[in-house]
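Here the structure is laid out as structure tokens; the discussion comes afterwards.
Each reported figure results from applying straightforward, stated rules to the coordinates on display, with no laboratory input. What you are looking at is a predicted structure, and each value in this text was computed from that prediction instead of being measured. Cβ coordinates were reconstructed from backbone atoms using ideal geometry, including for glycine residues, and neighbour counts include every protein chain displayed.
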Amino acid sequence: MNHQDFKSKLDDYVDGELTDAVREVVESHLQTCAECRREVEELVELGRDAAELPRAIEPQRDLWPEIGERIARPALVDRSLWPLRYPLAAAAVLLIAVSSATTAIVVYRLGAGRTSGGGPPSSTSADWLVAELPYTQAAEELRATLEENRQRLAPETIARIEANLEVIDQAIGETREALQADPADANLRRMLWSAHQAKIDVLQGVNRLIAST
Amino acid sequence: MHELIRRAQSGDRDAFEKLYRVHVGSVYALCLRLSGDPSRAEEHTQDAFVRAWRKLGTFRGDSAFTSWLHRIAVNVVFMAQRSERRRRARVFEVEDPASLATAAREERPGTHLDLERAIAGLPAGARTVFILHEVEGYRHQEISEITGLAVGTLKAQLHRARRLLREALDR
């Protein structure tokens with residue numbers, strides 16, 4: 001080993017991570033190399049100072065009242081879904097809006113004797129499929145985090161999240177179907193983006209919830 | 001302490017509050033050093049104690065209660081940082097290094113103050129590994145499990161942290 005090889009082993013030497021054989025070789029080198037010896041002394045001193053840093057720093061305010069309030073709530077009425085209150089409310093409103101709108105569109109078309117509003121999907125429909133990609137990719141990434149951390153959430157919480165995601169997926173599906181029939185309908189497009197955004201909001205809320213558990 | 005833990009495990013919130021009073025300083029110090037931000041550290045500390053309450057039944061006494069609690073706090077900070085990184089796709093940086101220096105000043109002037117400032121100024125990755133290894137005393141393998149970093153990677157971060165600290169402290 002040359003000097004640089006020895007230098008690269010000094011962290012492991014100080015941390016006690018070397019095998020006995022390598023440690024002996026390094027110690028032999030230290031006897032003759034003042035530079036490496038000084039580096040070891042500095043590393044040891046740094047570690048000692050770090051270990052002597054204050055173990056406790058008191059927060060500026062008493063954190064207990066909020067902790068006490070949170071742990072006092074029974075699990076089933078725990079506000080664990082509190083971070084999701086707005087996304088979930090939006091999801092519920094969204095489903096009602098989409099269901100009403102798609103029903104109204106279908107009824108109107110039946111009444112007017114129209115069928116699909118103009119044949120098979122055109123290149124216009126391909127446009128909105130492509131435009132959906134960022135939403136679906138973001139949702140997949142956030143969903144992956146949920147899957148990784150399912151065990152950290154209460155079963156009741158998971159059930160409610162899944163039920164609401166199902167609602168949103170249903171809304172997305174119904175809006176897509178309506179758009180297949182009429183790709184140029186600006187209102188349907190807006191509803192589709194709203195549904196996607198609602199799904200992202202719920203999943204982001206879930207991520208925050210996971211981070212806080 | 002064992003009696004307090006036993007009572008808390010059986011649902012005694014008063015006993016858990018006493019445990020909180022004993023340990024809040026060390027948990028907050030850990031969260032503050034890792035997050036570099038006092039208000040975030042307060043949130044992380046609260047989340048850690050709430051999580052500890054919910055997991056108290058899993059504490060078997062095989063390890064010290066402090067170690068068990070600190071491990072929960074580290075995980076809370078890490079989960080929050082991961083979530084934050086994903087959400088904002090930005091690098092986490094210390095927002096208020098002075099808060100650490102202030103805390104150190106109360107304990108011991110000089111060395112501690114300089115070291116706290118220097119640690120707070122480290123890049124996030126190097127700072128995290130240095131705090132877990134040198135301040136909290138975790139071993140490489142434990143840090144690897146907590147952070148998800150390969151041992152080789154975290155050794156490189158530790159080496160970088162030490163080099164930067166020695167430069168900052170002019171050693």
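Let me know the mean shielding of A:40-46 by other chains, meaning the per-residue number of their Cβ atoms within 10 Å of its Cβ.
Per-residue shielding by partner chains comes out at 4.
Looking only at other chains, what is the average number of their beta-carbon atoms within 10 angstrom of each beta-carbon in B:42-51?
Across the residues of B:42-51, the mean count of other-chain Cβ atoms within 10 Å is 5.
For a quick protection proxy, order the peptides B:32-38, A:158-164, B:66-72 by their average other-Cβ count within 10 Å, most packed first.
Packing proxy ranking, top to bottom: B:32-38, B:66-72, A:158-164.
Could you tally the net charge around residue B:138, taking each other residue with its Cβ under 12 Å from the Cβ of residue B:138, Lys/Arg +1 and Asp/Glu -1?
-3
Could you order peptides B:151-158, B:40-47 by the average number of other Cβ atoms within 10 Å of their residues, highest first?
Working: B:151-158: 17.6, B:40-47: 23.6.
Going by the mean number of other Cβ atoms within 10 Å, highest first, we get B:40-47, B:151-158.
How charged is the neighbourhood of residue A:197? Take every other residue with its Cβ under 13 Å from the Cβ of residue A:197, and add Lys/Arg as +1 and Asp/Glu as -1.
Result for the local shell: +1.
Would you grab the residues whose amide H sits under 5 Å from the one on residue B:149? Only those 5+ places off in sequence or on another chain, please, with H modelled 1.01 Å from N.
Answer set, sorted by chain and number: none.
What's the average, rounded to a whole number, of partner chain beta-carbon atoms within 10 Å of each residue's beta-carbon in A:138-151?
1
Work through the residues other than residue B:66 whose Cβ is under 12 Å from its Cβ and net out their charges, Lys, Arg +1 and Asp, Glu -1.
+1
Could you order the peptides A:193-200, A:1-8 from most to least packed, using the average number of other C-beta atoms within 10 Å per residue?
For the peptides A:193-200, A:1-8, the packing ranking is A:193-200, A:1-8.
Pull up all non-local amide H partners of residue B:136: gap of 5 or more, or a different chain, and H-to-H distance under 5 Å with H placed in the peptide plane.
For residue B:136, no residues qualify.
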